[in-house]
Amino acid sequence: MSQHRLLSLDVLRGLTVIGMVVVNSAAMFSVEGERDAYALLLHASWNGATLADMVFPFFLLIVGVSIPFALSSLKERQGLERKVFLRLLWRGSLLFLIGVVLAAYFFDPDGERQFRIMGVLQRIGIVFFAAAVIFMVTGWRAQLMITAALLLGYWGMCLLPFPDGGTDLGVPGQNFVHWVDRLILGQRLYVTEGPYPYDPEGVLSSLPGIAQALIGVLVGQVIRRKGAMESHLGTLFIAGGLMALAGWGWSYAYPLNKALWSSSFVLYTSGLGILLLALLIYVIDVRGWKAGWTPPCAAFGLNAITAYVWHAFATSIVLYGIIGETAYTLGLSFLDPKAAMALPILAAVILTWMPIAVLQWRGIVIKV
């Protein structure tokens, strides 16, 4: 296989961004339960994993897969020189800063929720920087060992006692990891109600996020090898299946939990993500079945961060304005309430896609 840009990777990245738009739109337009939405499109309330819970971990996996493609030549030529380190730090910090600015823009000082310090882009920035540095200074064996250490060590952290009460992974926020978030972040958390406030993109839970990206780094190195597209697809299918099964089995002792970003959740979602990536590589890059469905997905993938930032505005325009209400009311005339939600969600996806489709047409990739 040549080391050109994989269309399948751009498509999967695009699908995850589309998934983010759909999931966020469903959550916003349902107005916390006042309108019916399909459960698969909403995050699990605590333990468990829905389709919505797959989207963000898939993106972190792809962040990792992309790192060997972006940095291998630099690693071979220069290694982690000061200039390279600062470049990686700048990119990670910029992602974090954009996330903070976005949170500040949409912050409602009169609302119930506090201004958040952490968030989706913030976690992406942290995870990218850590995984990229680890990739630059280690080989695949060390990366595998670090991944295992992070997942097992984080499991131990989740079981540690904490001053505010007894640890119970079945109760939202009642664990050491979220206690640390409350200690460091105060009330600037996503979930502030209840006896144990917590943030699903907290401080310590970034550690298994880094492990998830490192799994992607290992996958990316396999794909990047000469002939990997043809000869290693079977390996990816087997590895993905075994990883998903391991995460599912582990969940009986250590529940699948996106808000906690449990290690079992990392293995389970990484396994499913690897299976989907292997399938897309086979369909798109090996068989060439790309027809007309791949360009819209690739548009989201090529400018993923731009699409994510713009979707926050596009979704608000649709869902808090006349477009969303009109589409939903129209849908109710011939669909049940849950299905009618598809129309305003589709409008949000289309409005998000329009400017990035122009960028794709002009060959512009905005790198962050």
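General observations
- Length-normalised contact order of the chain in % [C-alpha pairs under 8 Å, at least 6 apart]: 26
- Rolling a 1.4 angstrom probe over the protein heavy atoms with all chains in place gives the chain an accessible area of 45 Å² per residue.
- Between Ala142 and Asp36, the FRET efficiency estimated from the beta carbon spacing at R0 = 45 angstrom works out to 0.40.
- Judged by the mean number of other Cβ atoms found within 10 Å, the most tightly packed of the peptides 185-194, 316-325 leads the ranking 316-325, 185-194.
- Among the listed pairs Lys258/Lys338; Lys83/Lys290; Lys83/Lys258, those beyond 32 Å (Cα-Cα): Lys83/Lys290; Lys83/Lys258
- For the pair Val365 and Ala291, label points projected 7 Å from Cα toward Cβ lie 2.7 nm apart.
- Among the protein heavy atoms, those of Thr167 account for about 50 Å² of accessible surface (1.4 Å probe, every chain in place).
- Expressed as a whole percent, the accessible area of segment 246-368 that falls on carbon and sulfur atoms is 72 (1.4 Å probe).
- Over segment 39-179, relative contact order from alpha-carbon pairs under 8 Å, at least 6 apart, %: 20
- Residue-by-residue Karplus 3J(HN,Hα) for segment 71-84, coefficients 6.51, -1.76, 1.60, Hz, glycine and proline x: 10, 4, 4, 5, 4, 5, 7, 10, x, 8, 6, 4, 5, 5
- Segment 61-159, accessible surface, carbon-and-sulfur percent (1.4 angstrom probe): 66
- The calculated FRET efficiency for Ala70 paired with Ile317, based on their beta-carbon distance and R0 = 56 Å, is about 0.95.
- Adding -39500 (n - 2.57) for every DSSP H run of four residues or longer, then dividing by how many residues the chain holds, sets the calculated 222 nm ellipticity at -21500 deg cm²/dmol.
- Burial order of peptide ranges 288-294, 298-304 (average beta-carbon count within 10 Å, highest first): 298-304, 288-294
- Whole-number percent relative contact order across segment 168-295, with pairs defined as alpha carbons under 8 Å at least 6 apart: 22
- Heavy-atom accessible surface of segment 11-51: percent carbon and sulfur, 1.4 Å: 61
- Part-to-part distance (alpha-carbon centres) for segment 166-217 and segment 236-274, which is given in Å: 18
The values are calculated or read from the model by the stated rules, or taken from the named source; none is laboratory data. All values reported here derive from a predicted model rather than from experimental measurement. Backbone-built Cβ (ideal geometry, glycine too); neighbour counts: all protein chains shown. Remember, those area values only see protein heavy atoms, side chains included, never the ligands or the DNA or RNA. Shrake-Rupley method; radii C 1.70, N 1.55, O 1.52, S 1.80 Å.
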